[in-house]
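The values are calculated or read from the model by the stated rules, or taken from the named source; none is laboratory data. Quick caveat, the model's predicted, so the values are computed rather than measured. Neighbour counts run over all protein chains shown; Cβ positions are idealised from the backbone, glycine included. The accessibility values were calculated without ligands, DNA or RNA, using every heavy atom of the protein model including side chains. Shrake-Rupley method; radii C 1.70, N 1.55, O 1.52, S 1.80 Å.
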Amino acid sequence: MARKILNRRELREESDAAERLAEFEEQEDESSDQPAKKAVKRKARAKAGKQVAKKAYWGVFSQSLTQVAQFEYSEREEADKRAKELTESKKTPHFVQLVKKPIEE
């Protein structure tokens with residue numbers, strides 16, 4: 001099947017005519033007596049949450065993730081000993097994990 005031959009000059013003239021028509025319509029819109037659209041105000045950004053001071057502790061946890069004991073951060077060795085004692089006595093694994101809690105004044 002033969003293809004239709006495109007006349008590029010005619011296509012260019014049609015395109016130019018469409019552009020002139022669009023420019024003419026824009027000029028009419030600008031010259032009309034309608035007031036300009038108001039600028040849309042943007043919403044202000046949400047403020048960042050207040051920073052809460054936290055203190056670190058060592059927590060001894062059971063296998064079901066319940067905290068059994070809590071030690072100060074400087075008492076890591078005591079926390080390890082307690083976890084080892086509970087593991088041996090209760091036959092279930094206990095472990096030590098860092099816990100951060102907010103400081104209440």
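Taking a probe of 1.4 Å, how large is the accessible area per residue of the chain, in Å²?
So the chain comes to 101 Å² accessible per residue, rounded to a whole number.
Hey, of (1) 94, 55, 21; (2) 62, 31, 21; (3) 51, 34, 29, which did the structure itself give for Cα extents along the principal axes in Å when calculated?
Step by step, Cα extents along the principal axes in Å for this structure corresponds to label (1).
Show me, for the stretch 37-45, the HN-Hα J-couplings you get by feeding each phi into the Karplus relation (A = 6.51, B = -1.76, C = 1.60, θ = phi - 60°), rounded to Hz, glycine and proline as x.
5, 6, 6, 7, 7, 8, 6, 6, 5
Pop out the carbon and sulfur fraction of the accessible area of the chain as a percent, whole number, probe 1.4 Å.
50 percent
Excluding residues on the same chain fewer than 8 positions from LYS100, give the aspartates and glutamates whose Cα lies under 17 Å from its Cα.
Partners within reach: GLU72, GLU75.
Residues with amide H under 5 Å of TYR73's amide H, sequence separation 5 or more or different chain, H placed in the peptide plane at 1.01 Å from N; which?
Excluding prolines and chain starts, which carry no amide H, the hits are TRP58.
Considering the options VAL68, ALA44, TRP58, tell which one lies farthest towards the positive end of the dipole of the chain, charges being +1 on Lys and Arg and -1 on Asp and Glu at the Cβ, about the Cα centre.
VAL68
Using only the alpha-carbon atoms, how far is helix 8-31 inclined from the longest principal axis of the chain? Give it as 0 to 90 degrees, nearest 10.
70 degrees
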